[in-house]
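Engineer: Starting off with a structure, shown below.
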Amino acid sequence: MNFHLSLGAVCCFIFTLVSATSVRSQTPNSEFVIGVVPNVSARIIATNYQPLAQYFENGLGRPVQITTAKNFATFHQQALAKDFQLMVTAPNLGRVAVKDAGWEVLYVFEPSIPGLLVGLANQNNDLSKLKGKKLALANPQSLVALAGMNWLKEQGYLQGKDYEILQIANDDSLGIALTSDEAPFAMMSMGEFKAKDPQLQSSLKILNEFVKLPGFFIMASPTLNSADKQKIQSLLKQLPSTELGSTFFKRAGF
């Protein structure tokens, strides 16, 4: 079957589609998007934040989507573009979002975030093993990574001179990097460590807690009107006392 539309009809169709999308975005039942910084895998974020999504769906009476990005830089660009109505992000990214895009910090999650140097449990883990090797990092742009590299500098190890960075995509590549001695050590947050598969986690050893950073910020987009922002603040205030909130905090470690 041949199907043909005139240019005028196509333009009319596009205008109608765009108009319908615009109308939907302004309706009370339009999707509410919560962005979560990719400190762990998208699969783990989806699992951990499912109770929070359900809680907001119940409270707002509209669909809620949890979204993340492939890395910290992409996530931050999405935040500056105001792709989310609410976001959970690292303190350094949050402060820039306040300054550059008008985001507002509503709450700070507790506890603070420990930064960890991790090695294999059954090996000699003297820091001198890093010399001439690589340091495994899942998120080189994270505040934990930046604090960790500064700590290493204080210990006399300079990136690019004494060691290089090996960006790891997942837990499998972390295990391979450490067991092959390509990267004798890895740096991660306590949240990342606890998110590891139990079998991998049991093969690792925390060697040093080099920093404690402020907890993640939960922030409101400047695109929210005052009524929506007040509603969200109220929901967040009640969150810890609810069953869904309890499940969320247990899963996420907050």
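Engineer: Past 32 Å, Cα to Cα: identify those pairs from Lys205/Lys229; Lys153/Lys229; Lys70/Lys161; Lys70/Lys212; Lys133/Lys250; Lys70/Lys133, in the order given.
Structural biologist: Among Lys205/Lys229; Lys153/Lys229; Lys70/Lys161; Lys70/Lys212; Lys133/Lys250; Lys70/Lys133, the Cα-Cα distance tops 32 Å for Lys205/Lys229; Lys153/Lys229; Lys133/Lys250.
Engineer: Per-residue counts of other Cβ atoms within 10 Å, averaged by peptide: what ranking do you get for 61-70, 79-88, 152-161, highest first?
Structural biologist: Top of the packing list down: 79-88, 61-70, 152-161.
Engineer: Another one. Leaving ligands, DNA and RNA out of it, rank Ile34, Ile165 by accessible area with a 1.4 Å probe, largest first.
Structural biologist: Accessible-area ranking of Ile34, Ile165, largest first: Ile165, Ile34.
Engineer: Related question: Search the structure for amide H atoms under 5 Å from the amide H of Val33, placed 1.01 Å from N in the peptide plane, and list their residues when 5 or more places away or on another chain.
Structural biologist: Counting only residues 5 or more places away or on other chains, the set is Gln65, Gln85, Leu86.
Engineer: What translational diffusion coefficient, to the nearest whole µm²/s, does the stretch 80-140 have by Stokes-Einstein, given a Kirkwood radius computed over alpha-carbon pairs, a temperature of 37 °C and 0.692 mPa s viscosity?
Structural biologist: After rounding, the answer is 215 µm²/s.
Engineer: Could you compute how fast the chain diffuses translationally, taking Rh as the Kirkwood radius over C-alpha pairs and applying Stokes-Einstein at 37 °C with viscosity 0.692 mPa s? Give it in µm² per second.
Structural biologist: For the chosen part, D equals 161 µm²/s.
Engineer: Express in whole angstrom the spacing between the alpha-carbon centres of the stretch 95-147 and the stretch 31-89.
Structural biologist: For the stretch 95-147 versus the stretch 31-89, the Cα centre distance is 21 Å.
Engineer: List the residues whose amide H sits under 5 Å from the amide H of Leu204, counting only those 5 or more places along or on another chain, with H placed 1.01 Å from N in the peptide plane.
Structural biologist: Those qualifying (amide H under 5 Å, at least 5 residues apart or on another chain) are Ala121.
Engineer: Sticking with this structure for a sec: By how many degrees, 0 to 90 and rounded to 10, does the Cα axis of helix 42-60 deviate from the longest principal axis of the chain?
Structural biologist: 40
Engineer: Round to the nearest 10 and give me the degree value, 0 to 90, for the angle of helix 226-238's Cα axis relative to the longest principal axis of the chain.
Structural biologist: Result, in degrees: 50.
Engineer: Once ligands and nucleic acids are excluded and a 1.4 Å probe is used, how much of Tyr107 is accessible, expressed in Å² to the nearest 10?
Structural biologist: 90
Engineer: Give me, ordered by chain and number, the residues 5 or more places off Tyr107 or on other chains with an amide H under 5 Å from its own placed amide H.
Structural biologist: Ile218
Engineer: Indicate, rounded to the nearest 5 percent, the antiparallel portion of the DSSP beta bridges found entirely in the chain.
Structural biologist: Roughly 55 percent of the beta bridges in the chain run antiparallel, per DSSP.
Engineer: Can you pull the semi-axes for the stretch 122-181, root of five times each eigenvalue of the Cα gyration tensor, sorted largest first, whole Å?
Structural biologist: Square roots of five times the eigenvalues give 18, 16, 10 Å.
Engineer: Using +1 at the Cβ of each Lys and Arg and -1 at the Cβ of each Asp and Glu in the stretch 121-254, identify which of Phe185, Leu135, Phe210 lies farthest towards the dipole's positive end.
Structural biologist: Sorting the options by dipole projection puts first Phe210.
Engineer: For the chain, find the longest principal axis of its Cα atoms and tell me its angle to the long axis of helix 143-154, 0 to 90°, nearest 10.
Structural biologist: 20
Engineer: I would also like to ask the following. Calculate one ³J(HN,Hα) per residue across the stretch 105-118 by plugging θ = phi - 60° into the Karplus curve 6.51 cos²θ - 1.76 cosθ + 1.60, and present them in order as whole Hz with x for glycine and proline.
Structural biologist: After applying 6.51 cos²θ - 1.76 cosθ + 1.60, I find 6, 9, 8, 10, 6, 10, x, 5, 9, x, x, 10, 9, 10 Hz.
The values are calculated or read from the model by the stated rules, or taken from the named source; none is laboratory data. All values reported here derive from a predicted model rather than from experimental measurement. Note that we place each Cβ from the backbone using ideal geometry, even for glycine, and neighbour counts take in every protein chain shown. What goes into the accessible areas is simple: the full protein's heavy atoms, side chains included, and nothing from ligands, DNA or RNA. Shrake-Rupley method; radii C 1.70, N 1.55, O 1.52, S 1.80 Å.
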